[in-house]
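Structure in structure tokens, see below.
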Amino acid sequence: MSETAAPVLPQSLPSAGARRAAGVSTYVVLLLALAVLINYIDRGNLSIAAPRIQDELRLSSAQLGLLLSVFFWSYAPAQLLCGWLAHRYPVRNVLALGLTVWSLATVLSGLATGLGMLLALRLLLGLGESAFYPCNARLLAEGSPEHRRGGANGLVVAGQALGPTLGTLFGGLLMAHFGWRAVFVGLGVGSLLWLPPWLRATRGASAPPRASEVSAGISYRRILGQPSSWGSSAGSFLSFYGYYFLITWLPTYLVKARGFTLSEMARLGALIYLMHALSSPLVGWLSDRLIRGGASVERVRKSMLVIGSAGVAFTLPLCARAPTGSCIALLTLAAFAYGFVTPQIFAIPQTLGGVRAAGKWMALQNMVGNFAGVAAPWITGILVDRTGQYTLAFACASASAVLAALAWALGVRRLVPIDWDRPATAG
């Protein structure tokens, strides 16, 4: 099958969707950024607590890797369900329900009495958190024109990166003083405070789709008929492999392999994650400026992806053998490089899928991409158990970044909105 695309301006929106979504306000984008910040704090708290949980429950590195990865067992496949929900029901309600589920799972995790209970609650956490990206994609596809989409996604990704930053810094310090269980309960309860402002800000802004629009919705099968959906899904998996390696194993690596205390790890880990939070909106703003200046969307987005992937591929393999100070500097550079990658990953489905399919395209791409969250923590744990060091784990993450650059450059074809009303032709 070959892709077909309409030669229309990227800003153009189907009239029905445009009338309902009179643009996504900056306030709503900031609430989305806050939601994903909460999302990443609640999913990342286990990584911060991992050194203590491993000792308390007497887990091997392989068992710890399993615990760190099980979140993605539900999170990845549930993307398809949430992509369907995001196009079937008001986005505000779908996202509110998802946040409620993941907050309760976080609270209950603090009360868990054993490995089995923690595994079950991580599955529930993944189910709730799977609502965010399909809902975010549909909202921004409806209300954010192409020349502003980099900035909007940059803000959202900044929230995504600030989650590990703040979670590592304050979560690590709080766990050092109050224990990991109390912090889990406090984070889960605090997450629910996001709901009132979200429901007020989106009241009347996300009406349910009309019956005619639901019946004309784009199926996952049609999206899979577009070769770029395979390229973007592969690119997401390969890009996310190294990202999730750092998100899940960095705290344990700094404590176990580099000898930092929990408090020292919290400060250094937060610094590393902060670089991703700073570079993402900067790169998003730069991409918007280039597009407004006349550069093609395809050239801008692919260039950013290749530059960021190359930076990750270069820095990560040097970390394992470098002296401690140099290792921290290299990890910081890798995190900065990820700021070139992640805003583009989320903008691409919004461009290709458009209002009618952005949520489902993002769901499919994110499902495949987040299987890297299953693979990276588990594979890392096995490699560490067998070799007693992290050299091969860093090498795998670097190789994945190289392949990611190729997938984005060659696997994603013309980066213009798909004309879903034109039948695909064989080719």
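Which residue fluctuates the most in the chain, going by a Gaussian network model with Cα springs under 10 Å, if the choices are 379, 41, 345?
So, out of 379, 41, 345, the one fluctuating most is 379.
Next question. Normalised by the empirical 2.2 N^0.38 Å for globular proteins, what value does the Cα Rg of region 376-427 take?
Working it through for region 376-427, the quotient is 1.91.
Restricting things to Cα coordinates, could you compute the convex hull volume per residue of region 214-369 in Å³?
Once divided by residue count, the hull of region 214-369 is 122 Å³.
Only helical DSSP H runs with n ≥ 4 go in: add -39500 (n - 2.57) per run for the chain, normalise by residue count and round the 222 nm mean residue ellipticity to 500 deg cm²/dmol.
For the chain, the value works out to -26000 deg cm²/dmol.
Here's something else I'd like to know. Could the peptides 134-141, 334-341 be put in order, highest first, of the mean number of other beta-carbon atoms found within 10 Å of their residues?
Top of the packing list down: 134-141, 334-341.
I would also like to ask the following. Whenever you get a sec, compute what percent of the accessible area on region 322-375 sits on carbon and sulfur atoms (1.4 Å probe).
Reported share for carbon and sulfur atoms: 82 percent.
At 1.4 Å probe size, with the rest of the protein present, what percent of the exposed accessible area of region 126-196 is carbon and sulfur atoms?
79
What spacing in nm lies between the two simple spin-label points modelled at residue 387 and residue 182, each 7 Å away from Cα in the Cβ direction?
4.0
So with the 1.4 Å probe, I'd like the accessible area per residue for the chain, rounded to whole Å².
Accessible surface, normalised per residue, equals 37 Å².
For region 236-283, what D do you get in µm² per second when you plug the Kirkwood radius from alpha-carbon pairs into Stokes-Einstein at 25 °C and 0.890 mPa s?
210
Now for a separate question. Which percent of the accessible heavy-atom area of region 247-301 goes to carbon and sulfur, probe 1.4 angstrom?
Looking at region 247-301 in its full context, I get 61 percent from C and S.
Considering just Cα atoms, how many Å³ per residue does the convex hull of region 36-121 enclose?
Hull volume over Cα atoms, normalised by residue count, gives 88 Å³.
At each listed q (0.11, 0.15, 0.16 Å⁻¹), what is the log10 of I(q)/I(0) that the Debye formula gives for region 121-250 modelled as equal alpha-carbon point scatterers?
-0.61, -1.10, -1.23
By accessible area of protein heavy atoms, probe 1.4 Å, what ranking do 419, 55 get, highest first?
Largest accessible area first, the residues go 55, 419.
Compute the whole-percent fraction of alpha carbon pairs in region 302-427 spaced more than 17 Å apart.
65
Another question about this same structure. So how far apart, in nm, are the two label points at residue 192 and residue 422 if each is 7 Å from Cα heading toward Cβ?
5.1
As a test of reading the structure, rank 194, 285 by solvent-accessible area (1.4 Å probe, protein chains only), most first.
Sorted descending by solvent-accessible area, the residues read 285, 194.
The values are calculated or read from the model by the stated rules, or taken from the named source; none is laboratory data. The shown structure was predicted, so the numbers you read here are calculated from the model rather than taken from an experiment. Virtual Cβ from ideal backbone geometry, glycine too; neighbours counted across all protein chains shown. Just the protein is used for accessible areas: all its heavy atoms, side chains included, with ligands, DNA and RNA removed. Shrake-Rupley method; radii C 1.70, N 1.55, O 1.52, S 1.80 Å.
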